[in-house]
1. Do you know which of the residues in region 165-177 that are under 21 Å from T133 (Cα atoms) and either among the basic types (K, R) or in a loop (DSSP other than H, G, I, E, B) (or both) is farthest from the chain's Cα centre (by Cα)?
2. Just one of K257, K239 is out of contact with any Leu (no Cβ under 7 Å at 6 or more places or on another chain) and not small (G, A, S); which is it?
3. Being within 30 Å of Y250 (Cα to Cα) and either touching a helix residue (DSSP H, G or I) at 6+ places or on another chain (Cβ under 7 Å) or surrounded by fewer than 18 Cβ atoms within 10 Å (Cβ to Cβ) (or both) narrows it down to one of R357, R346, R300, so name that one.
4. Here is a list: V188, V203. Which entry is crowded, with 23+ Cβ neighbours inside 10 Å and out of contact with any Ser or Thr (no Cβ under 9 Å at 6 or more places or on another chain)?
5. Name the pairs: first residue in region 144-157 and surrounded by 13 or more Cβ atoms within 10 Å (Cβ to Cβ), second residue part of a loop (DSSP other than H, G, I, E, B) and among the charged types (D, E, K, R), Cβ to Cβ under 7 Å, at least 6 apart or on different chains?
6. Does region 35-48 contain any residue that is of a type outside the set (S, T, Y), surrounded by fewer than 19 Cβ atoms within 10 Å (Cβ to Cβ), modelled with pLDDT of 95 or more and under 30 Å from A278 (Cα atoms)?
7. Among residues belonging to region 244-269 that are part of a helix (DSSP H, G or I) and within 23 Å of A62 (Cα to Cα), point out the one that is modelled with the lowest pLDDT.
8. Hey, does region 140-151 have a residue that's of a type in the set (S, T, N, Q) and modelled with pLDDT of 95 or more?
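The values are calculated or read from the model by the stated rules, or taken from the named source; none is laboratory data. Remember, it's a predicted structure, so these values are computed and weren't measured experimentally. Methodologically, a virtual Cβ is constructed for each residue, glycine included, from the backbone with ideal geometry; neighbour enumeration extends over all protein chains shown.
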Amino acid sequence: MHKKLSRRMFMQGAAAALSATAAARITAAPSKEMVRPQPIYGPPPGVAKLNANENPYGPSPAALKAMMEASQKGAYYVYDSVMRLKSMIAERHGVTPDHVALGSGSSAGLTAAAIVAGREGNILGPDLFWDTTSRVVEIQNLGKIKRLPKLDSLAIDLDAMYSAIDDSVSMVQVTNPNNPTGMLINPVKMREFCLKASKKCTVLADEAYNELTDSSDANTVIPLVKEGHDIIVARTFSKIYGLAGMRVGYLIAQPEKIEQMQRFGIGWYGLNQAGLAAAIACYEDHRFMDFCRGKVKEAREMVASAVKENGLSALPSVTNFMFVNLGDLNAETFRQEMEKEGVLIRGIYRDYTNWSRVSMGHLEDVEKYTSALPKVLHRMS
C-alpha cells in the first residue's frame, strides 16, 4: 500500500512539475513569438468563409447525435447503414434501392457518370456550369465537353441545348439550380427537355442545390427516372444538410446505368459510419431544412441590398450563393482584396472575369462581406 501510494504521489508530482515548467516557458516567451494554433476543422476565428457553398448551420442536432453514436462503432465496415439509407432514399422517391447509388458526396457519382459517357462520346453542357467532374473526360482523353454559346443573361438555353445534341454526344449535363449562377430552370421546361433529350442520349441532372429551392419536389426530374427514362439525378448531403465534410451523396438512375457507373468510382465502400449515420438522421429533418432555408434567404437579402447600394448587380439566386457582376472590375483581384479583409470568396470562373461568387454563411460572416464591400470597391476604383 505504501509503495502504491508513493508511486501515485511521485507521478502526480512529476506531472505537476512538468506543467509548471511548461507554464513558465509560456510566461517567459515573448508575445511576438507566440503562435496562435490553427484550427484543424473549419476556418480560423474571424475569417468569413464564403467560398465553397457550405451550410455552416449543419450538421443538425439529430445528425450530431447519430454521428457520436456511430463513431463508437467505427471499427466496423459500413453495410447495414448503406442499405438503410438507400432504402430511405428509394422509398422517398418511389423507386427501388437498385435505382440508388451512394458515394463520396455527389462528386464520385458525377465523375463516374462522366467516365461512362466519355467512353461513348462527348458531354454537352451550357457555357457555364459546375464542370469539375465532367472535365475528367478531357483529362483522361476519353472525350470532350461541348459547350453552348454564351448568353448575356447567363441562363441555360434548353432549346439550343436540345438542338446541339448530335451523334457525337453521349450525355447532356444540366446543373439545376446552376452553379455558379444560382439560377433555376422553369420546372415545366426542364421536364419537357429531359423527356425529349433522353431519347437521344443520357441526361444528367445535377440537383445538388435542389433542397434549397422553395419547392424541391416541383423542381426535380426524379419522377422521370421512375418512369423509366435515361436520366441520372445527382444529389448530395453537402449543401442543405450541412454535411460537406462527411462526404455523402447519391445518384438515382436506371439500375443498369447504376451498375455501369459502379465500375468507375461510385460505391458505398468509400463511405464511413459517422457520415452515413448523419445522413440517415437528417434526411427527413424538415424542421432543420426549413431553418436553413430561412437563414439562407436572410443572407441573400443582405447581400442583394449591399450589392445594390454599391452600384452593382447580381443574378437572381435560389441557392446559398450569389453571382455578382462587378462591372469593369476583375473578379480575381476582387477576391484577393476581400481576403485582406478576412472574407474568402471565389475568383474568376473560366473567362467571366467580372463575375464574383459569394456563398451564404453565418449572418455575421455575411455582414463582414457587406461591410468590406464598399472598402474594397473604393480601393479598386
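1. Restricting to residues being under 21 Å from T133 (Cα atoms) and either among the basic types (K, R) or in a loop (DSSP other than H, G, I, E, B) (or both), the top hit is S168.
2. Details: K239 fails: out of contact with any Leu (no Cβ under 7 Å at 6 or more places or on another chain).
Matching residue, one of K257, K239: K257.
3. Working: R357 fails: either touching a helix residue (DSSP H, G or I) at 6+ places or on another chain (Cβ under 7 Å) or surrounded by fewer than 18 Cβ atoms within 10 Å (Cβ to Cβ) (or both); R300 fails: either touching a helix residue (DSSP H, G or I) at 6+ places or on another chain (Cβ under 7 Å) or surrounded by fewer than 18 Cβ atoms within 10 Å (Cβ to Cβ) (or both).
Of the residues listed, the single one that is within 30 Å of Y250 (Cα to Cα) and either touching a helix residue (DSSP H, G or I) at 6+ places or on another chain (Cβ under 7 Å) or surrounded by fewer than 18 Cβ atoms within 10 Å (Cβ to Cβ) (or both) is R346.
4. The match here is V203.
5. From residues that are surrounded by 13 or more Cβ atoms within 10 Å (Cβ to Cβ), the pairs are I145/D131; I145/R135; R147/D127; L148/D127; L148/D157; K150/D127; L151/D157.
6. Yes, that holds for at least one residue.
7. Looking at the filtered set, the residue picked out is W268.
8. no
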